[in-house]
Amino acid sequence: MSTSNINPGINNKIGVTHPPAKRSPTIKKLINSKQLYVLLALPLLYLIIFKYVPMYGAQIAFKNFVVTKGIWGSDWVGLKNFERFIHSYDFWRILKNTLFLSFYNLVASFPFPIMLALGLNYLRNRFFKKVIQMVTYAPHFISIVVIVGIIKELLDPRIGIVNKIIGFFGFEPINFMGEMSMFSSIYVWSDVWQHVGFNCIIFIAALAAIDPSLHEAAVVDGASKFRRMWHIDLPGIMPMAIILLILNTGHILDLGFEKVLLLQNPINVKTSEIIDTYVYKVGLTAQVANYSYSTAIGIFKSVINLVLLLSINKLAQKTRQTSLW
């Protein structure tokens, strides 16, 4: 008689045991990697609460939102708010200002962190290297309000040190903040000064990952520092540089309104008005705040950013460069 037909109780008595039920491979992997999933939980929760949940309110861009009626009670108007922005008198001027300032900032700010990282990488005097790092990193942690105050003090036509130097050479003082054509350069180059040190940290880390034997072989062959930078360091950090370029392109219209708004005045507003400051003014500071209209403009900007991100990433794939996916 086979043991399968014997009573389970008898099986236990005569020492016959059944094998334990097997767990599925997926559950096994989850249990073995539970610490990693606990670490993942907090950032995932942050994304859900602060990134995905607010998307619920984005539907007011397609409605005539009235606070007393709420989101669901407000009337549906479809693409009316988008059409209103595209056909508005200020559309092309604001879009041109935003694109020009964004591309100017991207082109000007992209190479300087790489150059600074390469220079710091070859410094042998540790004290001088730390001083340079401190001087270049510190402005990143200064408040935007303080930075704008410093800029205005430096460029003041009466007491600013820049105009004092100009006057020393016998030239007339320049009202920099009153010249529309100078706004973009003031914004961009002050931004480069503020963030160049902090942005170079990731390139210093990438340079540290380059195999030292490549430099040793280059030194034996008699290569100069410039040749080593060009043929070893730059190719080594280029994948990281391309990834950062793609990510920065995806935020090309996200200039932020704080610094632009603080540098703005009635004289330079024609060249300094960008999408973010326009949204702030029509959505919050207008006599009758239009939340639906400002939300539609924000979604329009996000769609443009997404298209640019996908296009640049596709271009990187076509040219066989490093890409996000």
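The values are calculated or read from the model by the stated rules, or taken from the named source; none is laboratory data. This structure is a prediction, so every number in the text was calculated from the model and none was measured. Cβ atoms come from the backbone with ideal geometry, glycine included; neighbour counts cover every protein chain shown.
A few notes on this one:
- Residue ranges of helices (runs of 4 or more DSSP H) in the stretch 60-174 with at least 2 members in contact with a Lys or Arg (Cβ under 9 Å, 6 or more places away or on another chain), touching a residue at least 60 places away in the same chain (Cβ under 8 Å) and within 26 Å of L308 (Cα to Cα): 91-109
- Test for K96: is it under 24 Å from the mean Cα position of the chain (by Cα), of a type in the set (D, E, K, R) and surrounded by fewer than 14 Cβ atoms within 10 Å (Cβ to Cβ): yes
- Residue among S190, S181 that alone is out of contact with any Pro (no Cβ under 6 Å at 6 or more places or on another chain), modelled with pLDDT of 90 or more, in a helix (DSSP H, G or I) and among the small types (G, A, S): S190
- Which numbered condition G256 fails, given (1) at positive phi; (2) touching a residue at least 24 places away in the same chain (Cβ under 8 Å): (2)
- Positions within the stretch 284-301 being at pLDDT 85 or above, closer than 18 Å to F65 by Cβ and touching a Ser or Thr at 6+ places or on another chain (Cβ under 9 Å), in sequence order: S292
- Flag for S88 being in the same structural domain as V303 (by TED's automatic domain parsing) and among the polar types (S, T, N, Q): yes
- Taken together, the criteria exclude L244 from residues that are under 23 Å from the mean Cα position of the chain (by Cα), closer than 18 Å to R93 by Cβ and not charged (D, E, K, R).
- Flag for T277 being free of Cβ contacts under 8 Å to residues at least 24 places away in the same chain, surrounded by fewer than 19 Cβ atoms within 10 Å (Cβ to Cβ), among the β-branched types (V, I, T) and closer than 29 Å to S181 by Cα: no
Residues are listed down the side, and each one gets a yes or a no for (1) assigned by TED's automatic domain parsing to the domain that holds L99; (2) at pLDDT 85 or above; (3) farther than 25 Å from F183 by Cα:
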{"position": "R228", "(1), (2), (3)": "yes, yes, yes"}
{"position": "H231", "(1), (2), (3)": "yes, yes, yes"}
{"position": "N248", "(1), (2), (3)": "yes, no, no"}
{"position": "F257", "(1), (2), (3)": "yes, no, no"}
{"position": "N268", "(1), (2), (3)": "yes, yes, no"}
{"position": "V282", "(1), (2), (3)": "yes, no, no"}
{"position": "V303", "(1), (2), (3)": "yes, yes, yes"}
{"position": "L306", "(1), (2), (3)": "yes, yes, yes"}
{"position": "K314", "(1), (2), (3)": "yes, no, yes"}
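- Residues of the stretch 209-251 that are assigned to a loop (DSSP other than H, G, I, E, B) and under 19 Å from K318 (Cβ atoms): G250 alone.
- L40, sole failed condition from (1) at pLDDT 85 or above; (2) farther than 23 Å from S294 by Cβ; (3) loosely packed, with under 10 Cβ neighbours inside 10 Å: (3)
- When the residues of the stretch 241-273 are filtered to those that are closer than 18 Å to V192 by Cβ and β-branched (V, I, T), the one that is surrounded by the fewest Cβ atoms within 10 Å (Cβ to Cβ) is T249.
- Matching residues, the stretch 259-306, being touching a helix residue (DSSP H, G or I) at 6+ places or on another chain (Cβ under 8 Å) and not in a helix (DSSP H, G or I): Q264, N265, I267, N268, E273, I274, A289, N290
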